[in-house]
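Trainee: Please find one structure pasted underneath; my questions will follow.
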Amino acid sequence: MSRSAAGIGALLALIVLAGLAATAPDHLTDANRDLAFAGPGLVGPFGADELGRSLLQYAQQGAGVVLGPAIAAALAVALLSTAGGLLRCAGDRRVEAVIQGLGEVLGALPRMVVLLVSALLIPSTERGLLPLALVWAVLAAPGAIDEAAAVAERLGGARFVEALRAHGFSRARVYLYHIVLLNLRPVVVRQASEVLLQVTFLELGLSYLARQDNQSSFTHSDSLKSWADLLYMGYTSIGLGMPTGHALWLGLGLVAVVTTMAKLTTTLVRAR
Amino acid sequence: MTAWWIRPGVRFFAALLLPFLVPAIITALIWALPGDPAEIICPPSTCGGTSELAARWNLDAGPMHFFREWVASAFQADFGRSWRVEQGLPVIDLLTESLPITLKLVGLALGPIFIGVIGAATGLIPSRADGFFSAVGLVPALVFSLLGSAAIVVRFGSNAFDMEADRWRLLIGAVVLGMADGAFAAAVSGVRGLVSAERNQRYVSIAVLRGERTLANMLPNVMPALAGQLRARVLHLLSGAVIVEVVLGLPGVGDLLWSGTLLQDFGVVLAAATAFAAISGALLVVQALVEVLVALHVRRTPFVEGA
């Protein structure tokens with residue numbers, strides 16, 4: 001696929017998700033049992049839930065829950081991995097050793113375990129997806145830093161900087177343009193896209209599991225609906241034969257939009 | 001040149017440290033957060049008798065006291081009693097019941113991954129299949145688990161909780177865990193990249209010219225990296241086990257950890273997290289042992305006839 005096609009596709013997916021998030025209502029509309037389980041087109045474009053409320057609102061609220069924290073986590077990983085790559089070029093062995101040691105320890109812990117412990121310790125008033133997404137970003141950072149540092153190492157590390165400085169380029173230009181923009185970009189953006197995807201899946205997983213146990217989710221308030229609610233509702237169409245297949249398809253479709261956006265972004269910035 | 005034993009030595013040290021590090025970090029976090037530690041663990045809005053719990057859990061005499069007492073009890077396999085998940089039951093009993101299920105699940109999930117690793121290393125799995133595996137790997141574990149759970153319900157109906165269904169649950173869980181979230185795809189592409197980079201080394205070409213086998217020559221050199229990759233894969237599986245176990249209804253440590261977190265059963269969460277850390281520590285030991293064995297093998301003086 002060409003870069004421009006990938007770019008247009010990723011942008012369209014982002015616009016769809018941002019549009020959903022920006023228009024998300026604070027609360028679902030009032031119930032209308034006459035329209036329970038109405039199919040797509042009868043109540044909004046995607047049909048209705050068991051109380052006759054439009055599933056479009058679920059999609060909008062779910063996008064609002066997930067989009068901001070996922071982008072924040074992606075940016076955090078992008079920043080940390082860029083810093084890792086630049087540090088390798090700066091050639092400070094002590095700082096590198098400290099980062100490597102921290103990475104070894106963080107990398108040795110199963111991420112979900114750390115995340116659940118964090119969810120337990122975060123005060124209930126502060127709960128939301130953002131702190132969990134940032135914890136996930138910190139846990140994902142060592143791998144991203146390692147990869148960015150390996151790219152910087154292949155460039156020649158500190159010798160690469162010296163060589164370009166000898167050609168008369170300013171330090172800022174060498175670091176920001178030659179290293180970050182030209183060389184680290186594919187790795188950094190790919191890692192950030194992966195984390196964006198992982199945080200989305202994480203939200204789905206945590207909300208689904210909480211929904212299954214009839215408990216409040218760690219990721220959003222009880223007044224909001226997540227895409228996991230769509231999957232949960234849709235699952236009953238397979239397991240119990242309820243007429244909720246449209247919810248399942250909508251949930252899977254939204255997951256596909258985020259996955260496509262992440263993959264197209266990676267294609268857009270791939271190395272030449 | 002760095003001494004060969006430093007890296008495995010650091011891993012051994014980290015492996016010993018890890019089971020203590022997890023409770024230490026949790027302890028530090030509890031006391032670092034604003035508010036009374038007992039109220040963080042057991043908020044008065046959701047549970048009564050906070051002061052009694054604080055005394056029972058040694059939360060009333062500072063972080064060092066709490067940590068020391070917890071480690072001392074843990075050494076005697078005493079993790080206290082559950083106060084929410086299975087009220088009154090010793091946490092060690094819950095752990096010993098759930099640990100074998102998680103180990104079975106992860107062990108079975110490693111099956112397809114091992115096949116993928118061997119297939120990629122020997123070239124039996126062609127590189128053109130990578131696209132397919134990575135597309136399958138894009139599907140999150142939750143979605144695969146839901147499909148698996150639905151398949152169990154459809155296949156077994158009202159008998160969905162009998163022994164036969166449990167066996168199927170475990171098998172489906174293992175396949176889901178092994179394939180979803182890119183586990184299989186990452187294992188195959190990682191090993192393929194590693195082996196193909198090594199295959200291009202000059203010593204391999206020379207070995208081929210001498211009539212020696214490529215894989216036998218490469219193996220000692222790629223083994224430490226392979227062990228590292230496999231450790232990362234197992235950690236990935238352990239992490240994913242939480243979702244798979246809960247959705248498929250497998251009562252493993254992941255399920256226990258989730259229930260503990262959801263019901264704010266601090267004792268259960270602390271013990272389950274420590275169990276995961278101990279498994280991770282054991283993996284570090286295995287990796288270090290592989291590195292030591294490889295280092296001893298490549299440093300062994302070769303036998304030269306007539307010398």
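Trainee: Restricting to region B:35-44, give me the number of residues that are under 17 Å from residue B:261 (Cβ atoms), more than 8 Å from chain A (Cβ to nearest Cβ) and assigned to a loop (DSSP other than H, G, I, E, B).
Mentor: Residues in region B:35-44 being under 17 Å from residue B:261 (Cβ atoms), more than 8 Å from chain A (Cβ to nearest Cβ) and assigned to a loop (DSSP other than H, G, I, E, B): 1 in total.
Trainee: OK, next. Take the residues in region B:12-34 that are farther than 19 Å from residue B:278 by Cα and within 7 Å of chain A (Cβ to nearest Cβ); name whichever of them is modelled with the lowest pLDDT.
Mentor: Only one residue fits best here, namely B:33.
Trainee: Only one of these is modelled with pLDDT under 95, assigned to a helix (DSSP H, G or I) and within 21 Å of residue A:253 (Cα to Cα): A:38, A:21. Name it.
Mentor: Result of the check over A:38, A:21: A:21.
Trainee: For residue A:93, state whether it is among the basic types (Lys, Arg) and either modelled with pLDDT under 85 or within 25 Å of the chain's Cα centre (by Cα) (or both).
Mentor: Yes.
Trainee: So, residue B:62, is that one at pLDDT 80 or above, within 14 Å of chain A (Cβ to nearest Cβ) and surrounded by fewer than 18 Cβ atoms within 10 Å (Cβ to Cβ) or not?
Mentor: So residue B:62 does not fit the description; no.
Trainee: A follow-up question, please. Could you list, in sequence order, the residues of region B:117-165 that are free of Cβ contacts under 8 Å to residues at least 60 places away in the same chain, among the aliphatic types (A, V, I, L, M) and not in a helix (DSSP H, G or I)?
Mentor: Once the filter is applied, which keeps residues that are free of Cβ contacts under 8 Å to residues at least 60 places away in the same chain, among the aliphatic types (A, V, I, L, M) and not in a helix (DSSP H, G or I), region B:117-165 yields B:124, B:138, B:139, B:160.
Trainee: Being crowded, with 20+ Cβ neighbours inside 10 Å and within 12 Å of another protein chain (Cβ to nearest Cβ) narrows it down to one residue among B:117, B:143; which is it?
Mentor: B:143
Trainee: Would you check if there is a residue in region B:239-246 being of a type outside the set (Lys, Arg) and in contact with a Phe, Trp or Tyr (Cβ under 6 Å, 6 or more places away or on another chain)?
Mentor: Yes, region B:239-246 contains a residue that is of a type outside the set (Lys, Arg) and in contact with a Phe, Trp or Tyr (Cβ under 6 Å, 6 or more places away or on another chain).
Trainee: Quickly run through region B:68-84 and pick out the residues that are among the polar types (S, T, N, Q) and assigned to a loop (DSSP other than H, G, I, E, B).
Mentor: B:76, B:82 - these are the residues of region B:68-84 that are among the polar types (S, T, N, Q) and assigned to a loop (DSSP other than H, G, I, E, B).
Trainee: Do you know which of the residues in region B:153-186 that are over 22 Å from the mean Cα position of the chain (by Cα), modelled with pLDDT under 85 and within 14 Å of chain A (Cβ to nearest Cβ) is surrounded by the fewest Cβ atoms within 10 Å (Cβ to Cβ)?
Mentor: Within region B:153-186, the match that is surrounded by the fewest Cβ atoms within 10 Å (Cβ to Cβ) is B:158.
Trainee: Which residue out of B:265, B:255 is buried (at least 23 other Cβ atoms within 10 Å of the Cβ) and under 16 Å from the mean Cα position of the chain (by Cα)?
Mentor: Answer to the check: B:255.
Trainee: Give the number of residues within region B:85-109 that are touching a strand residue (DSSP E or B) at 6+ places or on another chain (Cβ under 9 Å) and either at pLDDT 95 or above or assigned to a helix (DSSP H, G or I) (or both).
Mentor: Count: 1.
The values are calculated or read from the model by the stated rules, or taken from the named source; none is laboratory data. Predicted model, so just to flag it, every value in this text is computed and none were measured. In this analysis, Cβ positions are derived from the backbone assuming ideal geometry, glycine residues included, and neighbour counts consider all displayed protein chains.
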